[in-house]
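Just so it is clear, none of the values below were taken in a lab; they were calculated from the coordinates. Source: prediction; values computed, not measured. Neighbour counts are summed over all protein chains in view; Cβ atoms, including those assigned to glycine, are modelled from backbone coordinates with ideal geometry.
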Protein chains: 2
Amino acid sequence: MSKTSVKQTYASAGVDITLAAQAKKRIARLAKKTTRPEVLSGIGPFGALFEFKGYRKPVLVSSVDSVGTKTRIATALGKYDTVGIDIVNHCINDIFTCGAEPLFFLDYIGIRMAVPERVEALVTGLTQACRDAGCVLIGGETAQLPGIYHKDDYDLVGFVIGVVAKDKIITGKDITIGDMVIGLPSNGLHTNGYSLARKVLGETRAKLNVRSRELGTTIGEALLRPHLSYYRQLQPLLPSIKGLAHITGGGIVGNVPRSLPEGLAVQLDSKQWAVPPIFTLIQKKGKIDLREMYQTFNMGIGMVVICAPEKVGRIVKAVSGAKVVGEVVKQKGRARVIIDNRGYRKDKVA
Amino acid sequence: MSKTSVKQTYASAGVDITLAAQAKKRIARLAKKTTRPEVLSGIGPFGALFEFKGYRKPVLVSSVDSVGTKTRIATALGKYDTVGIDIVNHCINDIFTCGAEPLFFLDYIGIRMAVPERVEALVTGLTQACRDAGCVLIGGETAQLPGIYHKDDYDLVGFVIGVVAKDKIITGKDITIGDMVIGLPSNGLHTNGYSLARKVLGETRAKLNVRSRELGTTIGEALLRPHLSYYRQLQPLLPSIKGLAHITGGGIVGNVPRSLPEGLAVQLDSKQWAVPPIFTLIQKKGKIDLREMYQTFNMGIGMVVICAPEKVGRIVKAVSGAKVVGEVVKQKGRARVIIDNRGYRKDKVA
């Protein structure tokens, strides 16, 4: 029988809809654990329904992001149940910078083949972080796209919707000279800079399994640590907070200016916070300029809080590891972030 | 200088943040054209803000999907400005099946390198379809992920939020035996079945540029035709509609049952609608079973509307190409879709 006489099916083209259906069942079972009374229907129909009531002057706040190439570390280590935590916490931190409470989350998994166990592990991470934040995993899509995704690679994308009262939006507009800058500790790279980290440290299972004395863990363990959520700890403190910056792609340099009014800058003293050893290791092994480090990685600060000096005590006491790392100053020149008397310009960053 | 003494940068790891910043500027300019008065801030901050007011008994309806491997056809042809239309219309049709009006949309582009012209073309499609539906492109993310995406491949994911009054949700619960099934014409594959179509028809530029007498166009032109939106045409007819099914992955067989109450099925007569020649070509060239065709492709019907017999005239008159294609019957056995007296089971589909 010649090749052209073979009957084609969707499965023979690499799309196994039976696998997708199996994965879907597992997802539905997990997602149900995150439900809220507002959910009118769960995963399954064409759209997910969330009854929206009881909010005063509501503003919907939304954000989208992906875990990026951190998925490749997870794949190399065969550990799929933490990157879901990463993307949920990343998205929740993002909308929380406006003061928003997360309501619901949708995920997208782009993958070559939806191996049910793997998809289930990914969704386990999603549901864990959603439950921690009281956010419902209301919908999602697992797309099997042979031709786009190769081997065990996949992309994990998250969308979050939250709500904030119009008169409670954190805009940063009240920030003034002399306000204090508080840094909240990250536990590693969170979800940014993995392309560079992978290039420097490697991404084979063997390299990731190397135990490092500086780290006290394997390199893989340090790289895979899930993105922290600051929502639960900071939410009760919102009335004391003037500005929030989630330190993601672009680092402190790229993100703090997003929360500052024009004409202001922050002056930081790096001795005030601890840089986790994973960053020192990357910097050393990759011979990376400090400037590049600050523009790529969070360098140990996952969220920046800006507040009046008299609020500092309350915030530092309530949030574990929070430390005053600097203050708000008048902007001189083009630098809006000054670290150890060295100026950094946001426009040099993404 | 030995390789290990080369200083590493984020750019040397394949992530060019200057490119990303350029792409971002172009996106912001385009997205602004879709704005609505409710938008409190556009693309740029950590979260996108949409003031939510004036809705009675609001239920938020959300959906997420990707264009799938249709992007590979677009890439092969070097035509990037239509797949954005695909994903927006796909998402809007999905939430419209509940009767929802689209409010805002967020996109995610996963790509190796954010070539500004290409990203701009992708977003041009997004904004065109968003404007057509009165939906704002409120946010998005372009993630440069070398290591996940190779060469010119990318994934384009969309996320839509709409609103419907709780007492106006289309649930399909009023559908009864004897109701009529109206088919709305698709203009091709819309956004599903591309892995199979690519396998059968090929995906090189040369193969896609072959002019086909049956099609009256090139194969590439037929494959790239953008997903139709049924929102504008159907929205004024909502009071006459009992059920809606968006015909996406799984075809008529997989999607119509999602809108039917238990115990009901639809009986369709394929002579009542025209199957676009692209499907016939795929079927013939791939020697694909008719059953597989119906479970994979929309086969010429992009949306199914179910209504009482006395409403048919109004709907068929108002929507171009709409045709009665069958009726609602009592379910006998496990098949919930019967086409030309042949039963199809949804549980055999995704």
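Values for this structure:
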| item | result |
| --- | --- |
| Alpha-carbon Rg with Dmax, taken over region A:180-349, Å | 16.2, 50 |
| Exposed-loop-free span, longest in chain A, where GluC sites (Glu not before Pro) count as exposed if DSSP calls them loop and at most 13 other C-beta atoms lie within 10 Å | A:1-213 |
| Degrees, to the nearest 10: B:17-32 long Cα axis against longest axis of chain B | 40 |
| Angle between chain A longest axis and helix A:83-96 axis [Cα atoms, degrees, rounded to 10] | 40 |
| Residues of region A:152-171 with amide N under 19 Å of the 7 Å Cα→Cβ point at A:Lys57 | A:162-171 |
| Normalised contact order of chain B, rounded percent, pairs of Cα under 8 Å and 6 or more residues apart | 20 |
| Share antiparallel - DSSP beta bridges, region B:180-349, percent rounded to 5 | 90 |
| Selected from B:Thr296, B:Thr191, B:Thr218 as most flexible by GNM, with chain B as the system and alpha-carbon contacts under 10 Å | B:Thr218 |
| Distances in nm from A:Thr176 to the matching label points in the other copies, shortest first (labels 7 Å along Cα to Cβ) | 7.0 |
| Fraction of beta bridges assigned by DSSP in region A:8-168 that are antiparallel (%, nearest 5) | 70 |
| Helix-only mean residue ellipticity at 222 nm for the protein assembly as shown, each DSSP H run of n ≥ 4 adding -39500 (n - 2.57), per residue, nearest 500 | -8500 deg cm²/dmol |
| Percent RCO, i.e. relative contact order, over region A:197-350, from Cα pairs under 8 Å lying at least 6 residues apart | 31 |
| Reachable aspartates and glutamates, given that their alpha-carbon falls under 19 Å from the alpha-carbon of A:Lys330 and they are not under 8 places away in the same chain | A:Asp174, A:Asp179, A:Glu262, A:Asp269, A:Asp340, A:Asp347 |
| Residues B:Arg345, A:Arg336, sorted so that the one with the fewest Cβ neighbours within 10 Å comes first | B:Arg345, A:Arg336 |
| Degrees separating the helix B:116-133 axis from the principal Cα axis of chain B, which is the longest one | 30 |
| 19 Å Cα-Cα threshold exceeded, pairs from A:Lys33/B:Lys346; B:Lys173/B:Lys311; B:Lys32/B:Lys70; A:Lys24/B:Lys346; B:Lys166/B:Lys317; B:Lys242/B:Lys317 | A:Lys33/B:Lys346; B:Lys32/B:Lys70; B:Lys166/B:Lys317 |
| Partner aspartates and glutamates for B:Lys168 [C-alpha distance under 15 Å; skip if fewer than 8 residues away on the same chain] | A:Glu51, B:Glu101 |
| Trypsin sites (Lys or Arg not before Pro) within region B:176-282: DSSP coil, no more than 16 neighbouring Cβ in 10 Å | B:Arg213 |
| Over the protein assembly as shown: Rg over Rh, Cα atoms, Kirkwood Rh | 0.99 |
| For B:Thr280, label point 7 Å along C-beta direction: distances to other copies, nm | 7.3 |
| Residue closest to axis [chain A; rotation mapping onto B; Cβ; Å] | A:Phe159, 2 |
| Candidate lysines for bridging to B:Lys7, where Cα separation is under 17 Å - those fewer than 8 sequence places away on the same chain excluded | A:Lys199, A:Lys284, A:Lys285, A:Lys287 |
| Using a 7 Å Cα-to-Cβ projection, A:Arg213 label spacings across copies, nm, ascending | 7.9 |
| Equivalent-ellipsoid semi-axes of region A:8-168, from the Cα gyration tensor, Å, largest first | 29, 17, 13 |
| Relative contact order (%) - criterion: Cα under 8 Å, at least six apart; region: region A:8-168 | 37 |
| Cα-based Rg / Dmax (Å) for chain B | 21.7, 82 |
| Whole-number D in µm² s⁻¹ for region A:144-267, Kirkwood Cα-pair radius fed into Stokes-Einstein, 4 °C, 1.567 mPa s | 72 |
